[in-house]
Structure formats: structure tokens, C-alpha cells
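Undergrad: First, the structure itself, so that you have it in front of you.
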Amino acid sequence: MQRIFSGIQPSGVPTLGNYLGAIRNWVSLQDGHECLYCLVDLHAITTWQDPAELRVQTRTQAAILLASGIDPVRHVLFNQSAVSAHARLAWIFNCVARIGWLNRMTQFKDKAGKDREAASAGLYVYPNLMAADIHAYHATRVPVGDDQRQHLELANDIAQKFNHDYGVDFFPAIEAVVPPQAARVMSLRDGSRKMSKSDPSDQSRINLTDDADAIAQKIRRARTDAEPLPSEEDGLVGRPEARNLVSILAALTDRSVSAVLAEHGGQGFGVFKPALAERVAAVVAPIAAEARRLLDDPAHLDAMLRDGAARANAIAEPIVREAEHIVGFLR
Ligand code: TYM
């Protein structure tokens, strides 16, 4: 059985983008794979997080993942910092990856902004830690949104260079599993920016903790143009906001963009937006309600994460010890 690994940063409440780009796939891949899903708190602190808030967000994300259908008994759900193998392998990968490779990472450029010198060193080596997350388990399939593709290519380059430099065939190749629709959900306020849990504007995103009223209000206010929807996909060229809303509905109803336009083409947004809001709420509101119920018992969530970390550790520890042996560390 192939092993799956994926992660999400507990740096805010997960959004509809996280759900459609990743979490929904995480749930469906549970059939037929052995899955490890990780709340990547080491990655989260590459930009400053309030410590109390980080603990709350980590629990909230665990609750949302359970409410979305992640099964922590058949599979493994845990937080990254609780398994030391991640940080140890990341250090080895810091010494394998080349600075030139990291300089090409578009996410670093986006996140660091104009003042790159002021970004944390952790943000710069972030992709090496991601590679370590995956390779510490010898995982081969990684369900992610489109924005993580470049990081996964780097994870393959690192594995290849490690194998080559040490003359071993130790780390396997990995494959990104990216959904056919909504692999990059855009902001509701600006069709050129990704929907993000760290966007300062709450109106830019649907949170997986939003209720039906909040969802309806955010979609009603979502930025659009004044034209009705086209009946064919070509008509979406140059209309990023319209494309985004249509793609969201396509993903939620498991259809292509052209199938959605065949039904809704010619409609104005006054008609389309309520139909979309209803579909979004039908998926998100039950997740939000179940997550709220689970958050009433934080001790249970913490125990579930501890159990996940112990099981993750049992897989990663022998693999990372072997990597440490390969590079020549004495034990
Ligand atoms: P993060 O926390 O930014 O996002 C978690 C997952 O959600 C996807 N995603 C989106 N998909 C579609 N549209 C969007 N607007 C959108 N925003 C986020 C992301 O692609 C991701 O799959 N570096 C990763 C976390 C990570 C990881 C790993 C992933 C750490 N180690 C190892 C895979 C394997 C990240 O920041 O995800």
C-alpha cells in the first residue's frame, strides 16, 4: 500500500481553498492508502506566531480535519514538533539542498516580500523541512494544492542528490496529487491573489469555521464584474473573479468549468451568487458545527494528537536513524 503524507500550517483557520485544494483529497485518499496528516507547527513559526494562539490554532485545525472526515484511528494525525525526526532530517537536507535551488522558490519571494533581508532564515529553508516531512516516512504520494508543486519538485531534487552523494537508493521519488478543479482558489476580494488563511481581510476568504450567514454575506460581497456569466469557458478569459467563483462551484459539484457554464451561462451574479453560497454552506457549515462540538473537549483532541505523534514517531524514527547512519553520524 502506498504511503501518503501531507501537511497544513496551523497559522490561522483553514479556508475553503485549503479544503478544495487539499483536505478533500486527504479524506478521499484514506481508502486504499496509509495516510499521515500533519499540523506543521515548525513551519508555522517561520513567521511569528503568538504562542497561545498557535496552541489554539493547532487544536482548531485538528478539530476541523476530524470534522472533515479524517480518521485518526485508521490513519495518523499529529503535530510536527512532537516528532523530532522532522527537524533532524531537515538539518541533513539543509546540507544537501543548494542555495541556488532555494533562491528559485517563488513562495519564499512572495512571503518574504520586498525586504528579503528581514525574513527569517527558517522561511528560507522552509522547503527543506517540507522535504524532510515527506521523506522521513518514505511517503510517495503527496496531496496538495497547486501552490506546493514547486516545493515537491525540490523535495525530489533533494532526495536524488542525497542518494547520489552517498551512493544509496534510500529516498524514493514522490508524486504530487493535485485536484482537477480549484487547485488554486483565489481571494474573494482580488482574483489575482490566492485565498489565504493569513490574508488580513476576513472578507477575502471562507473560513471552515464560518456559518451559513457569514458564507452568504461573503459571497454576496465577493468582487465580480458587471457582465453575466458566459456559456463557454473562453468567455472567462480576463475575468479572474468570475472564473474563481465558477471553479469553486465546479469543484463542489464534481463537474468541469464548462459543465457549470452550460447550466449557469447567461445568469447575472445576483442569481449565481446565492446558488453558489448555498452549495458552499452545505459543505462548510456542517464541518464548522462539528468542529465547534469537538473543541468543547480540548483534552480529548490533545490526547488524540499525542497518540498520532507516537505512531508517526514509530515510522519515522528508524528511517531517520538510517539516514543519520548513511551520512556518518556515530551513535
Ligand atoms: P498551507 O498550510 O499553506 O496549505 C495547506 C494545503 O492547502 C493548499 N492550499 C490551497 N489550495 C487551493 N487553493 C488555495 N487558495 C490554497 N491555499 C492553500 C496547499 O497547497 C496545501 O496543500 N507548505 C505547506 C504545508 C506542508 C506540507 C508538507 C505539505 C508542510 N510540510 C509536506 C505537503 C507535504 C503549506 O504551507 O500548506
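The values are calculated or read from the model by the stated rules, or taken from the named source; none is laboratory data. Small disclaimer: the values here were computed from a predicted structure and weren't measured. Because the Cβ atoms are built from the backbone with ideal geometry, glycine has one as well, and the counts that use them run over all protein chains shown.
Undergrad: Among the listed residues T224, T209, identify the single one that is under 20 Å from the mean Cα position of the chain (by Cα), in a loop (DSSP other than H, G, I, E, B), within 17 Å of L16 (Cβ to Cβ) and not charged (D, E, K, R). So that I can check it myself, show each step before the final result.
TA: On the way: T224 fails: under 20 Å from the mean Cα position of the chain (by Cα).
Just a single option satisfies the conditions, and that option is T209.
Undergrad: Moving to a separate point now. Say whether the condition of being β-branched (V, I, T) and more than 16 Å from the chain's Cα centre (by Cα) is met by at least one residue in the stretch 143-157.
TA: To start, the set of residues in the stretch 143-157 that are β-branched (V, I, T) comprises 144.
Still in the running and more than 16 Å from the chain's Cα centre (by Cα): none.
For the stretch 143-157, residues β-branched (V, I, T) and more than 16 Å from the chain's Cα centre (by Cα): absent.
Undergrad: Checking the conditions here, which among V283, V320 is surrounded by 15 or more Cβ atoms within 10 Å (Cβ to Cβ), assigned to a helix (DSSP H, G or I) and under 22 Å from the mean Cα position of the chain (by Cα)?
TA: Numbers: V320 fails: under 22 Å from the mean Cα position of the chain (by Cα).
None of the other options fit; the residue is V283.
Undergrad: May I pose another question? Anything in the stretch 31-54 that is within 16 Å of the chain's Cα centre (by Cα) and either under 19 Å from V177 (Cβ atoms) or in a helix (DSSP H, G or I) (or both)? List them, or say none.
TA: Correct list: C35, L36, Y37, C38, V40, D41, L42, H43, A44.
Undergrad: Scan the stretch 145-184 residue by residue and report those that are without any contact (Cβ under 8 Å) to a residue 60 or more places away in the chain, near the ligand (Cβ under 10 Å from one of its atoms) and in contact with a Lys or Arg (Cβ under 6 Å, 6 or more places away or on another chain).
TA: A176
Undergrad: Among the residues of the stretch 85-112, count how many are in contact (Cβ under 8 Å) with a residue 40 or more places away in the chain and under 26 Å from P51 (Cα atoms).
TA: 8
Undergrad: Working carefully through the options A67, A90, find the one that is within 12 Å of the ligand (Cβ to nearest atom) and crowded, with 18+ Cβ neighbours inside 10 Å.
TA: Values: A67 fails: within 12 Å of the ligand (Cβ to nearest atom).
When all the criteria are applied, what remains is A90.
Undergrad: If you don't mind, another one. I need the full set of residues from the stretch 186-206 which are outside any loop (DSSP other than H, G, I, E, B) and farther than 19 Å from V257 by Cβ, in order please.
TA: Let us first name the residues in the stretch 186-206 that are outside any loop (DSSP other than H, G, I, E, B), namely 186, 194, 202-204.
Within the stretch 186-206, D202, Q203, S204 meet the criteria.
Undergrad: Mind counting the residues in the stretch 59-84 that are within 17 Å of V13 (Cα to Cα) and in contact with an Asp or Glu (Cβ under 6 Å, 6 or more places away or on another chain)?
TA: Summing the residues that are within 17 Å of V13 (Cα to Cα) and in contact with an Asp or Glu (Cβ under 6 Å, 6 or more places away or on another chain) in the stretch 59-84 gives 2.
Undergrad: Search the stretch 127-138 for residues being more than 14 Å from the chain's Cα centre (by Cα) and either outside any loop (DSSP other than H, G, I, E, B) or within 8 Å of the ligand (Cβ to nearest atom) (or both), and hand back the single one that is surrounded by the fewest Cβ atoms within 10 Å (Cβ to Cβ). Talk me through it step by step, then tell me what you get.
TA: Filtering the stretch 127-138 for residues more than 14 Å from the chain's Cα centre (by Cα) gives 128-129, 131-132, 135-138.
Then drop every residue that is not either outside any loop (DSSP other than H, G, I, E, B) or within 8 Å of the ligand (Cβ to nearest atom) (or both), which leaves 128-129, 131-132, 135.
Working: N128: 24, L129: 22, A131: 25, A132: 27, H135: 27.
Going through the qualifying residues, I end up with L129.
Undergrad: Could you check V142 against (1) hydrophobic (A, V, I, L, M, F, W, C); (2) closer than 20 Å to L20 by Cβ; (3) more than 8 Å from the ligand (Cβ to nearest atom); (4) not in a loop (DSSP other than H, G, I, E, B) and say which number it fails?
TA: Among (1) hydrophobic (A, V, I, L, M, F, W, C); (2) closer than 20 Å to L20 by Cβ; (3) more than 8 Å from the ligand (Cβ to nearest atom); (4) not in a loop (DSSP other than H, G, I, E, B), the lone unmet condition for V142 is (3).
Undergrad: Next question, about the same structure. Which condition breaks for F5 when tested against (1) in a helix (DSSP H, G or I); (2) of a type outside the set (V, I, T); (3) farther than 23 Å from T253 by Cα; (4) within 9 Å of the ligand (Cβ to nearest atom)?
TA: (1)
Undergrad: Run E322 past the list (1) in the same structural domain as L66 (by TED's automatic domain parsing); (2) over 30 Å from H138 (Cα atoms); (3) charged (D, E, K, R) and report the number of the one that doesn't hold.
TA: Only one criterion is unmet by E322, namely (2).
Undergrad: Separate question: Residues of the stretch 201-216 being free of Cβ contacts under 8 Å to residues at least 24 places away in the same chain and under 24 Å from R239 (Cα atoms), which ones?
TA: The first filter runs over the stretch 201-216 and keeps only residues free of Cβ contacts under 8 Å to residues at least 24 places away in the same chain, leaving 201-204, 213-214.
S201, D202, Q203, S204, listed by residue number.
Undergrad: Output yes when any residue across the stretch 60-81 is part of a helix (DSSP H, G or I), within 22 Å of I319 (Cα to Cα) and within 19 Å of the chain's Cα centre (by Cα), and no when none is.
TA: Yes, the stretch 60-81 contains at least one residue that is part of a helix (DSSP H, G or I), within 22 Å of I319 (Cα to Cα) and within 19 Å of the chain's Cα centre (by Cα).
Undergrad: Being among the hydrophobic types (A, V, I, L, M, F, W, C), farther than 14 Å from A22 by Cα and in contact with a Ser or Thr (Cβ under 8 Å, 6 or more places away or on another chain) is the filter here; which residues of the stretch 164-206 pass it? Talk me through it step by step, then tell me what you get.
TA: Residues of the stretch 164-206 among the hydrophobic types (A, V, I, L, M, F, W, C): 168, 170-171, 173-174, 176-178, 182-183, 185-186, 188, 195, 206.
Right, trim to farther than 14 Å from A22 by Cα and you get 168, 170-171, 173-174, 186, 188, 206.
Result: A173, I174, M186, L188, I206.
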